[in-house]
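The values are calculated or read from the model by the stated rules, or taken from the named source; none is laboratory data. Just so you know, these numbers come straight off a predicted model, no measurement behind them. Quick reminder, even Gly has a Cβ in these numbers, built from the backbone with ideal geometry, and neighbours come from all protein chains shown.
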Amino acid sequence: MADEVVHGTAWLAMAVLGASAAARLAQAPDQTADDSRRRALWTAACVLLWIHVACAFQLAHHWSHAAAYAHTARQTAQVVGLDWGGGIYCNYLLMILWAGDAAWWWLAPQSFRDRLPVIGMILCGFVAFMAINAAVIFASGQLRWLALGVILVLGVWAIRHRRGARTP
C-alpha cells in the first residue's frame with residue numbers, strides 16, 4: 001500500500017504539472033487573459049510534489065534523510081550507473097524555489113507578471129529538468145515511456161510555441 005501511495009502522489013503531481021505546462025502553452029504569447037487557471041494548476045502541482053515527498057519520507061524512508069539519499073543513489077546507479085544520491089538536494093531546491101514562485105504569483109500577481117521573463121524560463125526549465133530526471137530514474141516500464149512521451153510532446157509544443165511567438 002505504501003508504494004502505491006508514494007508512486008500515486010508522484011504521478012498525480014506529474015499529471016498536474018503536465019496540465020499546467022499545456023495550459024501555459026495553450027495561451028497565446030500576447031494574450032493577457034486571466035491566468036488564474038494556470039496559477040491554480042502550477043500551485044497544485046507544487047503542492048502535490050510536497051505531498052509526494054511527505055508520503056515518501058513517512059511511508060518509505062521513515063523520516064530519514066540518509067535512507068532517502070541511499071534510495072536515490074540506488075535508483076540512480078540502477079538506471080545510469082552512477083551510485084550518487086545527491087539528486088535529492090536538487091529535489092529540495094526544487095521544492096523551495098517552486099513554492100516561492102507559486103507564493104509570489106498568489107501574493108503579488110502583478111509583480112510576478114512584470115518579472116524578467118528569464119526568471120520564469122529558468123525556473124520552468126529546472127522544473128522540466130527535474131521532471132525528466134524523475135521519469136527516467138524513478139519510473140519504470142510503460143510508465144517511464146508514457147512520461148517521456150508526454151515530456152517529448154510538451155517539449156515539441158514549447159519549441160513550436162516559442163518559434164510562433166517570434167513570427168511577426
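Within segment 126-150, residues that are over 16 Å from residue 52 (Cα atoms) have Cβ atoms under 7 Å from residues that are among the β-branched types (Val, Ile, Thr) and modelled with pLDDT under 85 in these pairs: 132/151; 144/136, counting only partners at least 6 apart in sequence or on another chain. Listed conditions (1) surrounded by fewer than 17 Cβ atoms within 10 Å (Cβ to Cβ); (2) under 14 Å from the mean Cα position of the chain (by Cα) are all met by residue 131, apart from (1).
For residue 158, the conditions (1) within 24 Å of residue 41 (Cα to Cα); (2) without any contact (Cβ under 8 Å) to a residue 40 or more places away in the chain; (3) surrounded by 12 or more Cβ atoms within 10 Å (Cβ to Cβ); (4) not hydroxyl-bearing (Ser, Thr, Tyr) all hold with the exception of (2). For residue 80, indicate whether it is out of contact with any Gly (no Cβ under 9 Å at 6 or more places or on another chain) and either aromatic (Phe, Trp, Tyr) or closer than 22 Å to residue 52 by Cβ (or both). Yes: the conditions hold for residue 80.
The C-beta contact set for segment 29-43 (first residue over 18 Å from residue 12 (Cβ atoms), second residue at pLDDT below 60, distance under 8 angstrom, 6+ apart or interchain) comprises 29/165.
Table: residues versus (1) of a type outside the set (Gly, Ala, Ser); (2) over 22 Å from residue 3 (Cβ atoms); (3) not in a helix (DSSP H, G or I).
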{"position": "111", "(1), (2), (3)": "no, yes, no"}
{"position": "126", "(1), (2), (3)": "yes, yes, no"}
{"position": "135", "(1), (2), (3)": "no, no, no"}
{"position": "145", "(1), (2), (3)": "yes, no, no"}
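Among residues that are surrounded by 15 or more Cβ atoms within 10 Å (Cβ to Cβ), in a helix (DSSP H, G or I) and at pLDDT 95 or above, residue 99 is included. Screening residue 82 with (1) assigned to a helix (DSSP H, G or I); (2) under 19 Å from residue 134 (Cα atoms); (3) more than 20 Å from the chain's Cα centre (by Cα) gives one miss only, at (1).
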